[in-house]
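Asker: My structure is below; once you've seen it, I'll send some questions.
The values are calculated or read from the model by the stated rules, or taken from the named source; none is laboratory data. As the structure is a prediction and not an experimental result, all values here were calculated from the model. Ideal geometry is used to build each Cβ from the backbone, glycine not excepted, and the neighbour counts take in all protein chains shown.
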C-alpha cells in the first residue's frame with residue numbers, strides 16, 4: 001500500500017511582495033510625490049485661511065475693534081478673517097460685528113459706529129466714493145465736512161448726507177424726519193469733561209402706547225440687569241439721569257415688558273493725568289539747557305493728545321504746542337524761568353461732547369554758577385544730601401577745605417540711552433528677562449559714570465538708587481524688588497576721577513524714563 005506524504009506549504013516570504021530592487025529613481029519619485037502633496041496642502045490652506053495684511057490696492061479706511069469679535073470677508077473668499085485693532089479695510093469687504101461686540105470704521109475724519117449683530121459691505125459709487133451697504137443691524141454715521149464723502153444704502157434707499165452730518169440707520173429703518181428718533185442713539189458715546197456724573201438725556205416716541213401707559217427706565221452696569229444702579233418710574237416721553245463714567249445698559253419697561261433698550265458709554269474726557277515734570281519741580285543747569293521729559297497717563301479711546309507748554313498759566317501764546325500719538329514728549333528748548341504745561345486728549349468724532357485740558361502743572365528751570373571745578377572726595381560726594389526735587393540737574397557739590405579749585409568744562413551728556421524713553425515693562429517682560437539692562441554710549445574723556453534712579457510720585461521725585469562711580473557704560477538692575485508700579489526716571493553722568501578717589505571733572509546729566517505696568521504682591525499671612 002502506497003503512502004503519500006503531505007507537506008505543509010511554505011509560508012510566503014513577505015519580502016517577496018516588495019520589488020526586488022528599490023532604486024534611486026523610485027526614491028526620487030516617491031519623495032517628489034510627497035513634496036508635491038505637502039506643498040499642495042500648504043498652498044490650499046494659505047489660499048483659504050490666511051489673513052490679508054498687504055494688498056495691491058490702497059485701503060479705504062481702518063477698523064477699530066471696540067469690543068469682542070469683528071470679522072471681515074474679502075469679496076473673492078468664502079471664509080471670514082478675525083480683524084485686529086486698526087486693520088485696513090478695502091472696497092468689496094464684508095464687515096460683520098458679532099453679538100455683544102462693537103467696532104468703528106474711520107475714513108479720513110468721518111466715522112461709522114457699528115452696533116452688535118451688524119453686517120455691512122464696503123463698495124464704491126460711480127465716482128469712486130465710498131458706499132456702505134447695510135445688510136442687517138444698526139450703524140451710526142458721523143461725517144465731517146473735510147472727510148471722505150460716504151453714501152448709505154439701506155433697503156435700496158440711497159442716503160447722501162452733505163457737510164457735517166450725523167445719521168442713525170438700521171435694516172428696514174429709513175432716516176427721515178418722520179421716523180423714530182430717540183436718545184441716546186444706539187451705542188452712543190459721551191465725553192465727560194468734569195469729575196462729576198454726566199447728565200444723559202433719554203427721549204423716545206410712545207408709538208401706540210395709550211396716554212395712561214407710563215414707562216419705567218432702568219440703567220445697569222451689566223447687560224443682564226443684575227446690577228441696576230438707576231431707576232426712573234412713571235415716565236412719559238423723556239427724562240435725564242446723571243451717570244458716572246463707564247459702559248451702561250438701559251431699558252424701558254411697559255407693564256413688565258421691554259419697550260426699548262440699548263447701550264451707551266461715558267468716557268473720561270477731563271484731561272490726562274500728568275506724571276512728569278511734577279508740580280513745583282526745580283531743574284537746574286549750568287551751560288546747556290536741560291532735556292525735559294514730559295509724560296502723562298493714557299486716556300482710554302483717545303486717538304492722540306495735544307500738549308501745551310507756556311510761560312504763563314493762561315496759555316495765551318504757548319511756546320510749544322504739539323499733537324502726539326504717544327504719552328510722552330522730549331524737549332531741550334526751554335530756558336530759564338517758570339513754566340506751565342497741560343495735556344488734552346483728542347477723541348474720534350463719534351463721541352458727543354468736548355474733552356478738556358488737564359489742570360496745568362508748573363515747574364522751574366534755573367541757571368546756576370559753575371561750581372563743577374571743585375574737587376570732591378568720593379566720601380564727600382556720597383555724603384552730600386540733595387533734595388529729590390532738585391535732581392535732574394548736575395549736583396552742586398561742597399568742596400573740602402584747603403583744596404584748590406580747578407576750572408574745567410563739563411563733559412558731554414551720555415547719548416543713546418537704552419531702554420529708550422517711555423519704555424513700558426509688564427510682568428511678563430520681567431519674568432522673561434528678570435533684570436533691566438541700562439546702557440549708554442561712552443563719553444570721550446570720561447573714565448567713570450554715576451547712575452541714579454528715581455521714582456516719580458505725586459510729591460515729586462524720590463531717589464531710590466545711586467551708584468558709586470562705575471567704569472563701564474552699563475548698569476544691570478537685578479534687584480527688581482525695589483521697583484513698583486508707575487513711572488521711573490533714570491540719569492547717568494560721565495565723570496573723570498583722579499588720584500585718591502577725587503572727582504576731577506563733572507559732566508552734563510542725561511535723563512530717560514520708563515514705566516512699570518506691574519502690580520507686585522505684598523506680604524501674605526497664612527493661618
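Asker: Please specify each residue of region 469-483 satisfying the condition of being closer than 17 Å to residue 507 by Cβ and part of a loop (DSSP other than H, G, I, E, B).
Answerer: Going through region 469-483, the residues closer than 17 Å to residue 507 by Cβ turn out to be 469-475.
Correct list: 469, 471, 472, 473.
Asker: A further question on this structure: Restricting region 416-439 to residues that are more than 23 Å from residue 329 (Cα to Cα) and part of a loop (DSSP other than H, G, I, E, B), which is modelled with the lowest pLDDT?
Answerer: 434
Asker: Could you tell me whether region 274-288 includes any residue that is free of Cβ contacts under 8 Å to residues at least 24 places away in the same chain and assigned to a loop (DSSP other than H, G, I, E, B)?
Answerer: Taking every residue of region 274-288 in turn, none turns out to be free of Cβ contacts under 8 Å to residues at least 24 places away in the same chain and assigned to a loop (DSSP other than H, G, I, E, B).
Asker: Also: Which of the residues spanning region 440-468 are at pLDDT below 85, within 28 Å of the chain's Cα centre (by Cα) and not in a strand (DSSP E or B)?
Answerer: 458, 459
Asker: While we're here: Among the residues of region 121-153, count how many are in a strand (DSSP E or B) and within 23 Å of residue 223 (Cβ to Cβ).
Answerer: Just the residues of region 121-153 that are in a strand (DSSP E or B), to begin with: 121-124, 130-136, 138-143, 150-153.
Checking which are within 23 Å of residue 223 (Cβ to Cβ) leaves us with 136, 138-140.
Count: 4.
Asker: Going by what's in this entry, would residue 305 be described as at pLDDT 90 or above, over 30 Å from residue 109 (Cα atoms) and either in a loop (DSSP other than H, G, I, E, B) or out of contact with any helix residue (DSSP H, G or I) (no Cβ under 8 Å at 6 or more places or on another chain) (or both)? Before the answer, list the steps.
Answerer: Values: at pLDDT 90 or above: yes; over 30 Å from residue 109 (Cα atoms): no; either in a loop (DSSP other than H, G, I, E, B) or out of contact with any helix residue (DSSP H, G or I) (no Cβ under 8 Å at 6 or more places or on another chain) (or both): yes.
Criteria not met by residue 305.
Asker: Within region 167-223, considering only strands (runs of 3 or more DSSP E) that don't extend past its boundaries, which have at least 3 residues that are surrounded by fewer than 19 Cβ atoms within 10 Å (Cβ to Cβ) and at pLDDT 90 or above?
Answerer: 198-203, 215-220
Asker: From the set of residues in region 93-116 that are free of Cβ contacts under 8 Å to residues at least 60 places away in the same chain and surrounded by fewer than 15 Cβ atoms within 10 Å (Cβ to Cβ), which is farthest from residue 171 (Cα to Cα)?
Answerer: By that ranking, first place goes to 108.
The rows are residues; the columns are (1) at pLDDT below 80; (2) more than 13 Å from residue 119 (Cα to Cα); (3) part of a loop (DSSP other than H, G, I, E, B).
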{"position": "53", "(1), (2), (3)": "yes, yes, yes"}
{"position": "56", "(1), (2), (3)": "yes, yes, yes"}
{"position": "59", "(1), (2), (3)": "no, yes, yes"}
{"position": "63", "(1), (2), (3)": "no, yes, no"}
{"position": "76", "(1), (2), (3)": "yes, yes, yes"}
{"position": "79", "(1), (2), (3)": "yes, yes, yes"}
{"position": "84", "(1), (2), (3)": "yes, yes, yes"}
{"position": "96", "(1), (2), (3)": "no, no, no"}
{"position": "99", "(1), (2), (3)": "no, no, yes"}
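Asker: To continue, here is another question. Do you know which residues across region 224-254 are part of a loop (DSSP other than H, G, I, E, B) and either at pLDDT 95 or above or within 15 Å of residue 190 (Cβ to Cβ) (or both)?
Answerer: Taking region 224-254 first, the residues part of a loop (DSSP other than H, G, I, E, B) are 224-227, 236-237, 244-245.
Scanning region 224-254 gives 244, 245.
Asker: Test residue 227 against the criterion of being farther than 16 Å from residue 182 by Cα, surrounded by 11 or more Cβ atoms within 10 Å (Cβ to Cβ) and in contact with a strand residue (DSSP E or B) (Cβ under 7 Å, 6 or more places away or on another chain), and give yes or no. Show your work before the answer.
Answerer: Details: farther than 16 Å from residue 182 by Cα: yes; surrounded by 11 or more Cβ atoms within 10 Å (Cβ to Cβ): no; in contact with a strand residue (DSSP E or B) (Cβ under 7 Å, 6 or more places away or on another chain): yes.
In short, no.
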